[in-house]
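Report on the structure given below.
The values are calculated or read from the model by the stated rules, or taken from the named source; none is laboratory data. This one's a predicted model, so the numbers in the text were calculated from it and none came from an experiment. Backbone-built Cβ (ideal geometry, glycine too); neighbour counts: all protein chains shown. Accessible surface is based on the protein model in full, side chains and every heavy atom, while ligands, DNA and RNA are left aside. Shrake-Rupley method; radii C 1.70, N 1.55, O 1.52, S 1.80 Å.
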Amino acid sequence: MNHIISTKHDHKMHFTAEIDGHKVVMDKSLSDGGDNAGPSPKKLMLAALTGCTAVDIVSILNKMKVPFSNLSVDADAELSGEHTQVYSKVKVIYTIKLEPENRPKMEKAVSLSAEKYCGVMDMFRAFSTVITEIQYL
């Protein structure tokens with residue numbers, strides 16, 4: 001199965017991608033010649049990473065029948081210093097509220113997402129060091 005995405009140039013550094021009928025705007029900052037009308041393509045990669053693993057976490061915790069709230073997933077990414085900068089290190093930070101006795105299940109969910117289910121995280125590992133951290137509320 002192939003994923004086919006179409007991205008069209010609108011003006012300046014502004015582009016619109018069509019993904020399964022959804023429009024995603026990408027742009028560069030004002031200092032980079034854009035209008036800052038949307039996120040940069042590189043930062044969208046981080047959104048794909050956090051979204052992918054967040055979906056896994058919700059699915060796994062639901063299957064485990066673990067009640068939770070206030071889930072958020074953040075990415076703190078370092079860029080390499082070289083030209084064609086890439087993310088050299090990414091910390092994925094899960095913040096969640098759940099009962100203390102369910103913390104081992106959350107740790108298991110993060111491990112399963114990181115090692116088995118999240119294809120975006122697996123792709124990131126091809127060019128970056130990826131670490132995970134859980135913060136409990």
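Looking at region 74-81, can you tell me whether even one residue there is farther than 27 Å from residue 127 by Cα, under 18 Å from the mean Cα position of the chain (by Cα) and not small (Gly, Ala, Ser)?
Within region 74-81, not a single residue is farther than 27 Å from residue 127 by Cα, under 18 Å from the mean Cα position of the chain (by Cα) and not small (Gly, Ala, Ser).
State which residue pairs qualify: first residue charged (D, E, K, R) and inside region 58-79, second residue loosely packed, with under 14 Cβ neighbours inside 10 Å and part of a strand (DSSP E or B) in any location, beta carbons under 7 Å apart, and separation of 6 or more residues or different chains.
Short answer, once both residue conditions are applied: 78/89.
Consider residue 95 carefully, then state whether it is touching a Ser or Thr at 6+ places or on another chain (Cβ under 7 Å) and exposed (fewer than 15 other Cβ atoms within 10 Å of the Cβ).
yes
Please state which of the following conditions residue 74 fails to meet, knowing it meets all the rest: (1) open to solvent by less than 70 Å² (accessible area, probe 1.4 Å); (2) under 30 Å from residue 137 (Cα atoms).
For residue 74, the failing item is (1).
Quick check: anything in region 102-110 in a loop (DSSP other than H, G, I, E, B), over 20 Å from the mean Cα position of the chain (by Cα) and at pLDDT 95 or above?
At the first step, the residues of region 102-110 found to be in a loop (DSSP other than H, G, I, E, B) are none.
No, that holds for no residue.
Looking only at region 75-95, decide whether some residue is among the aromatic types (Phe, Trp, Tyr), in a strand (DSSP E or B) and closer than 30 Å to residue 18 by Cβ. Break it down into steps so the answer makes sense when it comes.
Quick first cut of region 75-95, residues among the aromatic types (Phe, Trp, Tyr) only: 87, 94.
Still in the running and in a strand (DSSP E or B): 87, 94.
Among the residues that remain, those that are also closer than 30 Å to residue 18 by Cβ are: 87.
Yes, region 75-95 has at least one match.
Of all residues in region 121-137, which are part of a helix (DSSP H, G or I) and buried (at least 18 other Cβ atoms within 10 Å of the Cβ)?
Matches in region 121-137: 121, 124.
Surrounded by 13 or more Cβ atoms within 10 Å (Cβ to Cβ) and either closer than 30 Å to residue 11 by Cα or aromatic (Phe, Trp, Tyr) (or both) - does that describe any residue in region 98-114?
Among the residues of region 98-114, not one is surrounded by 13 or more Cβ atoms within 10 Å (Cβ to Cβ) and either closer than 30 Å to residue 11 by Cα or aromatic (Phe, Trp, Tyr) (or both), which makes the answer no.
Of all strands (runs of 3 or more DSSP E) completely enclosed by region 1-70, which ones contain at least 2 residues that are in contact with a helix residue (DSSP H, G or I) (Cβ under 9 Å, 6 or more places away or on another chain), open to solvent by 50 Å² or more (accessible area, probe 1.4 Å) and among the aliphatic types (A, V, I, L, M)?
The strands (runs of 3 or more DSSP E) meeting that bar number zero.
How about region 81-114: which of its residues are more than 27 Å from residue 41 (Cβ to Cβ) and acidic (Asp, Glu)?
99, 101, 107
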